[in-house]
Amino acid sequence: MIKKKTNINSKSFTVAIVLVIALMFFLTRLVWGWTSPSANPPSGGGALYYYNNNVGISTTTPSYPLTVSTSTDSLFGLVRSGAAYPAIFKLGADSALVINAGASDVLTLKSGNVGIGTTTPTTGKLVVSGGKLDMSTNEIINVAGPTASSSVATKGYVDAAAAGRGPVIAMSAESAATYTHANAAKYCYDLSAAAAVAMDGNTTTIYTDWRLPTVGEAAVFEGTITSTNYIWTATMYEATNNNWLKLRLSDGKWGYNAESSTVNHVRCVR
């Protein structure tokens with residue numbers, strides 16, 4: 001009697017196909033069933049929060065993709081292995097952003113101003129304190145003309161101010177009265193032929209270029225004048241108290257007085 005042969009290989013192949021299809025269906029359900037996490041790790045608590053697709057640190061309602069909330073100035077720090085100090089980012093109660101590096105506050109952004117070496121940049125858009133500003137031979141351009149004695153003068157301003165001023169060739173007679181510094185400058189501006197007794201002896205010409213001398217210009221006449229009175233100069237000694245240098249031409253001694261002082265005489269040069 002001949003028995004019918006069973007095709008075992010065909011049955012095994014069919015079972016394998018069914019298993020593969022079932023596994024694919026299961027994995028597909030897992031992938032399409034995935035949703036973004038809605039709870040805060042771990043178990044919805046701690047200092048890290050997830051809200052409206054934003055992440056908050058120490059805040060449950062972060063308004064930005066990453067929001068850090070703290071009651072102190074320091075927000076976060078960057079620490080590098082081997083570095084002596086971290087870089088710390090601070091935000092003050094006055095909304096000033098400060099970067100601390102090397103244990104010092106080096107950069108401040110406050111009320112539209114930038115401070116380097118200072119956390120109170122209140123006197124200008126850029127305030128630099130505690131060091132020099134090195135431009136490495138680069139120019140600073142589009143600068144306004146100076147309005148104060150401590151302002152930086154542009155090349156155009158200096159060129160215009162120096163126009164027509166050659167070497168000093170004459171000095172006027174000494175004023176009989178004493179003046180404040182401002183009135184001394186005006187004395188030279190208004191100098192007339194009657195007062196223009198220059199050392200060259202010319203008393204007939206009205207000169208239009210008389211001016212209050214700098215210390216260097218006045219020093220040209222040291223030892224040639226016997227008066228022991230001090231005269232005002234156009235050289236500032238220091239700006240804090242508005243002190244200007246004065247010079248005694250008989251022996252070259254000098255000193256300084258505030259601009260409101262009325263103890264010095266006037267000699268003008270041209």
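Some points to look at:
- Residue within region 219-230 that is under 22 Å from Ala258 (Cβ atoms), at pLDDT 90 or above, in a loop (DSSP other than H, G, I, E, B) and not aromatic (Phe, Trp, Tyr) present: yes
- Answer from Ser81, Ser150 - the residue that is outside the structural domain of Ser58 (by TED's automatic domain parsing) and at pLDDT below 90: Ser150
- Of the residues making up region 210-217, at least one is crowded, with 18+ Cβ neighbours inside 10 Å, under 16 Å from Pro167 (Cα atoms) and at pLDDT below 90.
- Evaluation of Lys90 against the conditions (1) surrounded by 14 or more Cβ atoms within 10 Å (Cβ to Cβ); (2) part of a loop (DSSP other than H, G, I, E, B) shows that the sole unmet condition is (2).
- On inspection, Ile169 fails the criterion of being closer than 30 Å to Gly216 by Cβ, among the β-branched types (Val, Ile, Thr) and surrounded by fewer than 10 Cβ atoms within 10 Å (Cβ to Cβ).
The values are calculated or read from the model by the stated rules, or taken from the named source; none is laboratory data. Just so it is clear, the structure is predicted and the values come from calculations on it, not from any experiment. When we count neighbours, we look across all protein chains shown, and the Cβ atoms used for this are built from the backbone with ideal geometry, even at glycine.
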